[in-house]
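K.L.:
This is the structure I want to talk about, given as structure tokens.
The values are calculated or read from the model by the stated rules, or taken from the named source; none is laboratory data. On a predicted model such as this, the values are computed, not experimentally measured, just so you know. Every residue, glycine as well, gets a Cβ built from its backbone with ideal geometry; the counts of neighbours run over all protein chains shown. Please note that ligands, DNA and RNA were not included when accessible areas were found on the heavy atoms of the full protein model with its side chains. Shrake-Rupley method; radii C 1.70, N 1.55, O 1.52, S 1.80 Å.
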Amino acid sequence: IFLGFVAAFATAAATIGSSVGEQDRSYTPTTASEVRQSYDFGGGRFTLDLSDVSDVEGLDGRDVQIEGVGGKIEVVVPDGMDVDVTTSVVGGQSRVFDQTSDGFDITQDGFLDGGNDVPDMSINIDLVGGEIVVREAA
């Protein structure tokens, strides 16, 4: 019964999260200086696409925090970087690179190895309800 409750809650959170606030926010910085330290949004769809950052070495040592109430958060990380990711979702789903978790009160860590002697950054994402997707640039 408990697992059924958790699955039902996760589905409801994802469904509700996708319509809370109904705001779409999309950020596509082209330089490291345009990347904020933190991003907050109420709900809807939030996209942070870092694939066009031309000076990825400027992201070395940076910590980026993203917090949202409900909806979908998608982050696209640039090529040629080491990226540490930590996600936390009260109810919904988190996909970090090649790992997926869903349910209630989930935390997921992921790491992208960009090669030897490359810049590294960390991304922390907290979402109350909905879906988180972190992927490498195509």
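K.L.:
I need every pair where a residue in the range 121-137 that is within 14 Å of residue 49 (Cβ to Cβ) has its Cβ under 9 Å from the Cβ of a residue that is surrounded by fewer than 23 Cβ atoms within 10 Å (Cβ to Cβ) and of a type in the set (Phe, Trp, Tyr), sequence separation at least 6 or different chains.
P.N.:
134/97; 135/97; 136/97
K.L.:
Does residue 128 meet the test of being under 18 Å from residue 45 (Cβ atoms) and over 10 Å from the mean Cα position of the chain (by Cα)?
P.N.:
Numbers: under 18 Å from residue 45 (Cβ atoms): yes; over 10 Å from the mean Cα position of the chain (by Cα): yes.
Against the criterion (under 18 Å from residue 45 (Cβ atoms) and over 10 Å from the mean Cα position of the chain (by Cα)), residue 128 qualifies.
The rows are residues; the columns are (1) touching a strand residue (DSSP E or B) at 6+ places or on another chain (Cβ under 8 Å); (2) more than 12 Å from residue 134 (Cβ to Cβ); (3) loosely packed, with under 15 Cβ neighbours inside 10 Å.
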| site | (1), (2), (3) |
| --- | --- |
| 68 | yes, yes, no |
| 74 | yes, no, no |
| 84 | yes, no, yes |
| 119 | yes, yes, no |
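K.L.:
Now, a different point. Would you confirm, using the coordinates I've provided, whether residue 21 is assigned to a loop (DSSP other than H, G, I, E, B), modelled with pLDDT under 95 and either in contact with a Gly (Cβ under 6 Å, 6 or more places away or on another chain) or open to solvent by less than 40 Å² (accessible area, probe 1.4 Å) (or both)?
P.N.:
Details: assigned to a loop (DSSP other than H, G, I, E, B): yes; modelled with pLDDT under 95: yes; either in contact with a Gly (Cβ under 6 Å, 6 or more places away or on another chain) or open to solvent by less than 40 Å² (accessible area, probe 1.4 Å) (or both): yes.
When the stated conditions are applied, residue 21 passes them.
K.L.:
Tally the residues that are open to solvent by 40 Å² or more (accessible area, probe 1.4 Å) and either on the phi > 0 side of the Ramachandran plot or of a type in the set (Gly, Ala, Ser) (or both), restricting the search to the range 102-117. Even if it seems obvious, please write down each step before you answer.
P.N.:
Pass one, the range 102-117, residues open to solvent by 40 Å² or more (accessible area, probe 1.4 Å): 102, 104-105, 107, 109, 111, 113, 116-117.
Filter again for either on the phi > 0 side of the Ramachandran plot or of a type in the set (Gly, Ala, Ser) (or both), leaving 105, 117.
Total satisfying the criteria: 2.
K.L.:
Now for a different question. Would you mind telling me which numbered condition in (1) open to solvent by less than 10 Å² (accessible area, probe 1.4 Å); (2) under 19 Å from residue 28 (Cα atoms) residue 136 fails?
P.N.:
Every condition holds for residue 136 apart from (1).
K.L.:
Hey, residue 60 hits all of (1) modelled with pLDDT of 95 or more; (2) open to solvent by 40 Å² or more (accessible area, probe 1.4 Å); (3) within 18 Å of the chain's Cα centre (by Cα) but one; which does it fall short on?
P.N.:
(3)
K.L.:
Name the residues in the range 102-125 that are more than 13 Å from the chain's Cα centre (by Cα) and more than 21 Å from residue 36 (Cα to Cα), would you?
P.N.:
Looking only at the range 102-125, we keep the residues that are more than 13 Å from the chain's Cα centre (by Cα), and these are 102-106, 112-121.
Once the filter is applied, which keeps residues that are more than 13 Å from the chain's Cα centre (by Cα) and more than 21 Å from residue 36 (Cα to Cα), the range 102-125 yields 102, 103, 104, 105, 106, 113, 114, 115, 116, 117.
K.L.:
Against the condition closer than 14 Å to residue 125 by Cβ, open to solvent by 20 Å² or more (accessible area, probe 1.4 Å) and in contact (Cβ under 8 Å) with a residue 12 or more places away in the chain, how does residue 96 come out, does it pass?
P.N.:
Details: closer than 14 Å to residue 125 by Cβ: yes; open to solvent by 20 Å² or more (accessible area, probe 1.4 Å): no; in contact (Cβ under 8 Å) with a residue 12 or more places away in the chain: yes.
When the stated conditions are applied, residue 96 does not pass them.
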